[in-house]
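So the structure is just underneath, and the comments pick up after that.
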Amino acid sequence: MSTAADAARPAPAEEAPAPPGGSGARRHPRALAPGNLILTVVLSVFGAVVGVQLLATLGVTPSTSLIGALAAMTLARVPLVAFRGFRSVHAQNLAQTSISSATFGAANSLFLPIGIPFLFGLHHMVVPMLIGVAAAMLVDAWLLYRMYDTPAFPATAPWPPGLAAAEAIKAGDEGGRRAGSSASAWSPAWRAPRSRCRCRRSASP
């Protein structure tokens, strides 16, 4: 028999449903995870070689971020458990960031400065210059990490290479559904002219 005290007592809160998978919320992929680490090292070496080669031959430094994003998206399509982690857009972002930073770091921060004393015939200054610019590159990377999304480097500013890589990753994440809907929408339009052509042929003597 219920009393007034029992009626005034608050009802127990319902337990929130557990997230799908039973292991809690999905965690952000770690950069030092074995799969991400191997991919970033391979992409960084490749990007450094490409950046130095093109700077030495053509005098330009390419933006290789799209290559990293495409490589991660390609691995994500492999039907193996080991590559399942690359389906995350954050893992793909780590891949494109690593190859882009390695390309510009090796070409613009390391190779270009040591070429200046070499061209002036100061060969004994190449190694000290390399040590100095390597230390400066590490300090610059730390400063950019700390100063991003500040008035000095606002996150809302137009960064064309970064925006292009982000849009490519978003398109790759939603491309399968978009491609399927586009194909189903266009297929009747493709079939209609064929059916009319068959009718005309059958009506001709």
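Can you confirm whether R177 is in a helix (DSSP H, G or I), among the basic types (K, R), at pLDDT below 50 and loosely packed, with under 10 Cβ neighbours inside 10 Å? It would help to see each step written out before you state the result.
On the way: in a helix (DSSP H, G or I): yes; among the basic types (K, R): yes; at pLDDT below 50: no; loosely packed, with under 10 Cβ neighbours inside 10 Å: yes.
No: the conditions fail for R177.
Answer yes or no as to whether A136 is buried (at least 17 other Cβ atoms within 10 Å of the Cβ) and within 28 Å of L37 (Cβ to Cβ). Spell out how you get there, then give the answer.
Details: buried (at least 17 other Cβ atoms within 10 Å of the Cβ): no; within 28 Å of L37 (Cβ to Cβ): yes.
So A136 fails the test.
Please tell me if G162 is surrounded by 11 or more Cβ atoms within 10 Å (Cβ to Cβ), in contact (Cβ under 8 Å) with a residue 60 or more places away in the chain, within 28 Å of the chain's Cα centre (by Cα) and closer than 19 Å to S44 by Cα. Spell out the reasoning first.
Numbers: surrounded by 11 or more Cβ atoms within 10 Å (Cβ to Cβ): yes; in contact (Cβ under 8 Å) with a residue 60 or more places away in the chain: yes; within 28 Å of the chain's Cα centre (by Cα): yes; closer than 19 Å to S44 by Cα: yes.
Judged against the criteria, G162 is a match.
Condition first: part of a helix (DSSP H, G or I), within 25 Å of P160 (Cα to Cα), in contact (Cβ under 8 Å) with a residue 60 or more places away in the chain and hydrophobic (A, V, I, L, M, F, W, C). Can you find one or more residues in segment 32-46 that meet it?
The answer is no, given that none of the residues of segment 32-46 is part of a helix (DSSP H, G or I), within 25 Å of P160 (Cα to Cα), in contact (Cβ under 8 Å) with a residue 60 or more places away in the chain and hydrophobic (A, V, I, L, M, F, W, C).
Go through segment 66-108 and count every residue that is more than 19 Å from R27 (Cβ to Cβ) and free of Cβ contacts under 8 Å to residues at least 12 places away in the same chain.
5
Would you pick out the residues in segment 58-75 that are in a loop (DSSP other than H, G, I, E, B) and among the hydroxyl-bearing types (S, T, Y)?
Going through segment 58-75, the residues in a loop (DSSP other than H, G, I, E, B) turn out to be 58-64.
Hits for segment 58-75 are T61, S63, T64.
Determine which member of the set S2, S88 is at pLDDT below 90, of a type in the set (S, T, N, Q) and crowded, with 17+ Cβ neighbours inside 10 Å.
S88
Within segment 114-149, which residues are aromatic (F, W, Y) and over 21 Å from L55 (Cβ atoms)?
Of all residues in segment 114-149, those aromatic (F, W, Y) come to 118, 120, 142, 145, 148.
If the condition is that a residue be aromatic (F, W, Y) and over 21 Å from L55 (Cβ atoms), then W142, Y145, Y148 are the ones that fit.
For segment 146-172, what are the residues that are among the hydrophobic types (A, V, I, L, M, F, W, C) and over 21 Å from V89 (Cα atoms)? Lay out the reasoning, then the answer.
Quick first cut of segment 146-172, residues among the hydrophobic types (A, V, I, L, M, F, W, C) only: 147, 152-153, 155, 157, 159, 163-166, 168-169, 171.
Of everything in segment 146-172, those that are among the hydrophobic types (A, V, I, L, M, F, W, C) and over 21 Å from V89 (Cα atoms) turn out to be M147, A152, F153, A157.
Output yes when any residue across segment 109-128 is under 18 Å from the mean Cα position of the chain (by Cα) and under 28 Å from E167 (Cβ atoms), and no when none is. Outline the logic, then answer.
Taking segment 109-128 first, the residues under 18 Å from the mean Cα position of the chain (by Cα) are none.
No, that holds for no residue.
Any residue at all in segment 96-112 that's β-branched (V, I, T), more than 19 Å from W159 (Cβ to Cβ), surrounded by 14 or more Cβ atoms within 10 Å (Cβ to Cβ) and modelled with pLDDT of 90 or more? I'd like the intermediate steps shown before the answer.
In the first step, residues of segment 96-112 are kept if they are β-branched (V, I, T); the result is 97, 99, 103.
With the extra rule that they be more than 19 Å from W159 (Cβ to Cβ), the set shrinks to none.
Looking through segment 96-112, none of the residues is β-branched (V, I, T), more than 19 Å from W159 (Cβ to Cβ), surrounded by 14 or more Cβ atoms within 10 Å (Cβ to Cβ) and modelled with pLDDT of 90 or more.
Among the candidates L54, L70, L66, L37, single out the residue that is over 16 Å from the mean Cα position of the chain (by Cα) and at negative phi. Give the steps one after another, and end with the answer.
Details: L70 fails: over 16 Å from the mean Cα position of the chain (by Cα); L66 fails: over 16 Å from the mean Cα position of the chain (by Cα); L37 fails: over 16 Å from the mean Cα position of the chain (by Cα).
Unique residue meeting the criteria: L54.
Output the qualifying pairs, or none if there are none: Cβ atoms under 9 angstrom, residues six or more apart or on different chains, first residue in segment 124-140 and within 10 Å of P113 (Cβ to Cβ), second residue of a type in the set (V, I, T).
Pairs that qualify, where the first residue is within 10 Å of P113 (Cβ to Cβ) and the partner is of a type in the set (V, I, T), are V126/I114; M129/I114; M129/I116; L130/I114; V133/I114.
The values are calculated or read from the model by the stated rules, or taken from the named source; none is laboratory data. No experiment lies behind these values; they were computed from the predicted model shown. In this analysis, Cβ positions are derived from the backbone assuming ideal geometry, glycine residues included, and neighbour counts consider all displayed protein chains.
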